[in-house]
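The values are calculated or read from the model by the stated rules, or taken from the named source; none is laboratory data. Predicted model, so just to flag it, every value in this text is computed and none were measured. Because the Cβ atoms are built from the backbone with ideal geometry, glycine has one as well, and the counts that use them run over all protein chains shown. Side chains included, ligands, DNA and RNA excluded: accessible areas come from the protein's heavy atoms. Shrake-Rupley method; radii C 1.70, N 1.55, O 1.52, S 1.80 Å.
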Amino acid sequence: MTRTKLAADDMLAVEGFSASFDLKGELRPVLKDVTFSLPSHSMSAIVGESGSGKSLTALSVLGLAPRRLVRTSGQIRYRDSVLTELSERELRTVRGARIAMVFQDARAALNPVFTVGHQLEATVRAHQKVSRKQAKSLAADALASVRIPDVSRRMEQYPHQFSGGMAQRVALAQTLLCDPELLLLDEPTTGLDVTIQADVMDLITTLGAERHMTTCLITHDLGLVGQYCDRVIVMKAGEVCEQTDAKTVFSTPTHPYTQLLLDASELKQRDTTERRIIA
Amino acid sequence: MTVNADISRTRLPIMRVQNVTKTFSTISAGRRTHLTAVDQLDFTIAAGETIALVGESGSGKSTAAKCVADLLAPTEGTISMDGAPTIRPGRRARRRDHRRVQLVFQDPNGSLDPRQTVRQVLEEPLRNFFGNNRGELRRRVRELLADVELDESLLNRRPRELSGGQKQRLGLARALAVEPEIIVLDEPTASLDVSTRGQMLALLERVQRHTDVAYLLVSHDLAVVQSLADRVLVMYLGSIIESGPTDRVFTNPQHPYTKALIEAAPKMEYRALRSAWRLDGEIPSPTDRPSGCLLTNRCPVVQPDCHAQRPPLVAVDADHLSACIHPELLSAPSMDARTAS
């Protein structure tokens, strides 16, 4: 395998990554020669429809893809290490601590039977040797950093007592506990109201800048890409069909599929004047 | 007929929702309290028109839709079709009404029986209302599939063998089976990808043109509302705070909430100019609704007199109503200062 050197300003590089689902011995390719990089301190987006492989790619970065997904070629490089060659044990020092992920449905990602404070403290103690008291104060700091008001009361509450937007903030706080430098966010605002979506996205952008994080959004919403992202990777049927600046994607999309996505995202307004004449 | 005549006035309403209020009794912090999910809702639906209920989650739009579909009984008020109330005792009458109002659910996976084939899904409502003639059933099932542009080769498939778009079409076909006058569409495209979303919306429009069915669309996707609805009812904390023809509400919103909702949606361009018009925080709990204007704790231009009493819905111009007593502040220059993010 040729080892291309990671460009100095790239945080992560996925190089010719192909993977197949192992269906009882029969290999069905789902990721085909996926190649892209995430520049440091940028906010990128992987855009695609369901089944395009965007989530599987992100999960592969963290070594969290389903076991039946078998890598057939290529590699994923993060700084000086090749993630795809690390053992599960080595990967565990990276996952969460260096590269973290926020999952789509925050309330499903939180355990319903433990208080939010308890879960955040457990996360701290899984990664750092600290006393309970220190863990608690770190957890409280994290909640405050995602702008959750009334932290001490919120720490004692259970996930069901949080609104969707607030639960998403908790999930975000949980990933920030270990100060990761790369944050993957899988559809972080799907299911949130547009008003709350803007708040959560602004928060992600601010935190990314404050903490010098590289962030990567996995989304199907090109509107978010235009509003917040610097880079965009368009995926379709397991392949990367376009990788470009977020600005370029709106002015001069090169791949027909990108154009199709853009067109589909903008719906035609119903012509009500015409309907009124008919009526 | 003039260009300005609204559909709802040129056509007779088939459903009239009058003063509908729905309260739930809940226990919060150990005390029994009443939660007002929907407060004195008033609107009509005419044949062949599409009305959209929009608002954030917690605004009461789903509760309102459930009342319309007779899945919830209103605490107060009446819902009538052709002058006769739909909520009436007796199974037979209720059953007749259920034929007239059907639902398409948000999540096709949860609303289709995984063990039924496409044919069974469609035959069940037909049997319930039109009898058991086998030839007739086959003919109607084929017709329904054609109506929603599904291929007949899918007849023996089960939901898990269908794509998301196909499942949602099947849900629509099932609703159409009993030839309803109104179909409640609960977030009909929320489960779909953008590329299939457009197809579904186009299909809904074609079906409406052919059958003259009325849609009550419940959605928080404003793009979908804009492309499908003739009239919009904007709900907040259980009340309608603005209503009117879609194009007018979207181009000239008269309530701060509507304006914020419209301007919060990301635009399809690179770093679009962002509106400074934003709401603070989140929708409060319906157990403690503000006493004055419902938006007082989030409104960017709240005034002292907004707290005094709940503003009524008043006409801004013909059939465009709004419940804001300070619409002049919507164009206040300080709030129009747009900032690039």
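Each label was represented as a point 7 Å from its Cα along the Cα-to-Cβ direction; for B:Y270 and B:R160 these points are 4.6 nm apart. Distances between placed amide hydrogens fall under 5 Å for A:L12 paired with A:L38, all partners being 5 or more residues away or on another chain. A Förster radius of 51 Å combined with the Cβ-Cβ distance from A:R132 to A:T205 puts the calculated FRET efficiency at roughly 0.95.
Taken over chain A, the ratio of Cα radius of gyration to 2.2 N^0.38 Å equals 1.09. In terms of the mean number of neighbouring beta-carbon atoms within 10 Å, the peptides B:318-331, B:36-49, A:63-76 order highest first as B:36-49, B:318-331, A:63-76. If you bin every alpha carbon distance in the range B:7-340 into 10 Å steps from zero, what whole percent lands in each bin? Cα pair-distance distribution for the range B:7-340, in percent: 5, 24, 31, 24, 12, 4, 0.
Once the 1.4 Å probe is applied to the protein heavy atoms, the protein assembly as shown comes out at 46 Å² accessible per residue.
Shape descriptor for the protein assembly as shown: Rg over Rh equals 0.98 (Cα atoms; Rh from the Kirkwood inverse mean 1/r).
For the range A:25-112, the Cα gyration tensor yields ellipsoid semi-axes of 20, 18, 16 Å (square root of five times each eigenvalue, largest first, whole Å).
Within the same chain, aspartates and glutamates fewer than 8 places from A:K129 are excluded, and of the rest, those with a Cα less than 19 Å from its Cα are A:E90, A:E121, A:D141, A:D179.
Listed by chain and number, the lysines placed with their C-alpha closer than 16 angstrom to that of B:K66 are B:K22; residues fewer than eight positions away on the same chain are left out.
In terms of distances greater than 29 angstrom between alpha carbons, the cross-link table entries A:K268/B:K61; A:K136/B:K61; A:K32/B:K267 yield A:K136/B:K61; A:K32/B:K267.
Sequence-distant contacts, meaning Cα pairs under 8 Å at least 6 residues apart, place the relative contact order of the range B:7-340 at 20 percent. Of A:T205, A:T195, A:T84, the residue with the greatest mean-square motion in the GNM of chain A, using alpha carbon springs below 10 Å, is A:T195. Have a look at the DSSP beta bridges in chain B and tell me what percent are antiparallel, nearest 5. Roughly 65 percent of the beta bridges in chain B run antiparallel, per DSSP. Potential lengthening of the chain between B:R94 and B:D70 amounts to 7.8 nm, from the contour at 0.36 nm per residue minus the alpha-carbon distance.
Relative contact order for chain A: 25 percent, from Cα pairs under 8 Å spaced at least 6 residues apart, divided by residue count. Each Lys and Arg contributes +1 and each Asp and Glu -1, all at the Cβ; summed about the Cα centre of the protein assembly as shown, the dipole is approximately 1960 debye. Taking the Cα centre of each part, how many Å lie between the range A:12-43 and the range B:148-175? Centre-to-centre (Cα) distance: 32 Å.
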